[in-house]
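As structure tokens, the structure follows; a few thoughts come after it.
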Amino acid sequence: MSDAPVIVAGGGQAGAQAAVSLRQAGFEGRIVLVGDEPSLPYQRPPLSKDYLAGKLEESGLLLRAEKVYADQRVELMLGEQITAIDTARRSISLASGGELAYSHLVLATGARNRPLPAPGAELDGVFYLRTLAEARSLRERLGQTRRAVVVGGGFIGLEFAAAARAHGIAVSVVEAAARPMSRVLSVQMSSYLAARHDTNGVPIILNRSVQRFVGENGRLTGVVLDDGTVLEADLAVVGIGVLPNAELAEAAGLAVKNGVVVDENLLTSDPFISAIGDCASFPSSFAGGLIRLESVQNATDQARCVAARLAGKPTPPYNNVPWFWSEQYDVRLQMAGITSSHDQAVLRGSPDDNAFSVFCFRDGAFLGAESVNRTPDHLAVRKLLAAGIAITPEQAADLSFDLKLAAAPPAAAAVSAAK
Ligand code: ADP
């Protein structure tokens, strides 16, 4: 490698982890982390959960204290934007002026809110929720809010709805699809969640989208749906998915397809550039092809994988088990595997007990599971998937079938204990 630093582009979960892991893996050269947000790298998942509910303050969001970056000799360039990548010269251009050469570039540029192209979206009172700055202004507004409309019944929208109820705000959710969280959840789990929102006084209006936002004196007063319904609102939160930040890579001539395309070693089409986290489209045996994932698991595991490779350690191809979680009211939802292509869903336990799992199969092959308040199921499923151990739909439904034991059969346990 040249004397130029490894540059990590992006100061989110993936970028911060890559920088620190690189040093921990024994890399001795310079490490520069460039991030356009002004704050130290922070956790995003709590923004739509405990932070908005008022149970967590900003200081509790930081991924690492500032001192850790200094101790690990990670040079932080925060509030700085990369405007171009020159692959021939192996350098990046910075918005503040100047260029910086790299020996290797790790793209961890993440994703941004998908904008809702509806008239009135610029009114005061229409919010998005992805960054700390957005969450901060939203939190400040909650105290003056009586009625909120959430656009999008996905992770962000439903978590916000639950947090807003904790503030006593009247909330409705408008979802374009036929059921909430349909991108990731089975019909059974969608129905359960819809019922929990209903019980908590949050109607989810399905198969509808927003036609326009209306206001008075620049301030939001209502949301007009595509069937003409007007929902009174002094606050609207739009959570209709994200777009990967892949423009820099595309402009530099790298392969891009729903994110920056990487191989099983997380290397882009340029041998001096890797991509990780929300911006990367990577091959996964769990997805049966290229997939782009938005999760803490994906960001941290991919960061560690690239860091180990750049530190010269032997690294197996990246193929970690994907897992996700969400919290809404007292529902702790945990998902493992990529289950969206399933053709059979089997219940383990009962939704009436508020503790159950949905196990998903395709052509009889086990894909993964969604669990509500059944963490042991979730953990066992992660182990099963990692070990490539299949279970049958009958076993999944049978509460007397020991999942933990299936995930760690005595022979395998003895081998790992002997290591
Ligand atoms: P996020 O991370 O923003 O929550 P998700 O993909 O989990 O992203 O959820 C976004 C949700 O928004 C999906 O359920 C999708 O069907 C819904 N959606 C997309 N476009 C619209 C729209 N114009 N109006 C209402 N809902 C929408």
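Values in this text are rule-based calculations from the coordinates and carry no lab data. The structure displayed is predicted, hence computed values, not measured ones. Cβ sites come from the backbone with ideal geometry, for glycine too, and all protein chains shown count toward neighbours.
Expressed as a fraction of 2.2 N^0.38 Å, the value expected for a compact globular protein of N residues, the C-alpha radius of gyration of segment 279-331 is 1.34. Note on Ala95 and Asn207: the extension gain reaches 36.1 nm, defined as 0.36 nm multiplied by sequence separation minus the Cα-Cα distance.
Could you estimate the translational diffusion coefficient of the chain from the Stokes-Einstein equation, with Rh from the Kirkwood formula over C-alpha pairs, at 10 °C and 1.306 mPa s, in whole µm²/s? All intermediate terms of the calculation are to be shown ahead of the outcome.
Numbers: Rh = 22.9 Å.
The Stokes-Einstein estimate is 69 µm²/s.
Percentage of Cα-Cα pair distances in segment 108-249 greater than 20 Å, rounded to whole percent? So the pairs more than 20 Å apart make up 45 percent of the total in segment 108-249. Reported to the nearest whole Å, the Cα centre-to-centre distance from segment 109-186 to segment 1-27 is 33. So what is log10(I(q)/I(0)) for segment 235-385 at q = 0.14 1/Å, when the Debye sum runs over its Cα atoms only? Taking Cα atoms of segment 235-385 as identical point scatterers yields -0.78.
Straight-distance candidates among the lysines for linking to Lys313, with alpha-carbon spacing under 25 Å and chain neighbours fewer than 8 residues away dropped: Lys383, Lys419.
Spin-label model, Ala178 to Val214: label points 7 Å out along the Cα-to-beta-carbon direction sit 3.1 nm apart. Placing +1 on the Cβ of every Lys and Arg and -1 on the Cβ of every Asp and Glu, with no other charges, gives the chain a dipole of roughly 540 debye about its Cα centre. Each helix, a run of at least 4 DSSP H residues, gives -39500 (n - 2.57); summed and divided by the residues of the chain, these come to -7500 deg cm²/dmol at 222 nm. As a calculated quantity, the FRET efficiency between Leu405 and Asp343 at R0 = 30 Å, using C-beta atoms, amounts to about 0.65. Label separation (Thr392 vs Thr199): 3.4 nm, computed from points 7 Å beyond Cα along the C-beta direction.
For Lys49, the aspartates and glutamates whose Cα falls under 17 Å of its own Cα, not counting residues fewer than eight places away in the same chain, are Glu57, Glu58, Glu134, Glu140, Glu159, Glu294, Glu327, Asp330. Dimensions of segment 103-182 along the principal axes, based on C-alpha atoms and rounded to the nearest Å, stand at 53, 33, 28, largest first. From the Kirkwood radius over Cα pairs of segment 1-120, Stokes-Einstein at 20 °C and 1.002 mPa s returns a whole-number translational diffusion coefficient of 137 µm²/s.
List the equivalent ellipsoid semi-axes of segment 50-188 in whole Å, largest first, each obtained as the square root of 5λ for an eigenvalue λ of the Cα gyration tensor.
36, 20, 16
Each distinct pair of alpha carbons in segment 40-109 adds a 1/r term; the inverse of their mean, the Kirkwood radius, is 14.7 Å. The 3J(HN,Hα) values that the Karplus relation (6.51, -1.76, 1.60; θ = phi - 60°) gives for segment 71-83 are, in residue order, 4, 8, 6, 9, 7, 9, 10, 9, x, 10, 10, 8, 9 Hz. Gly and Pro appear as x. Label 7 Å along Cα→Cβ of Arg146; segment 232-263 residues with amide nitrogen under 13 Å? Within reach of a label on Arg146, which here means backbone N under 13 Å from a point 7 Å along Cα→Cβ, segment 232-263 contributes 232-235.
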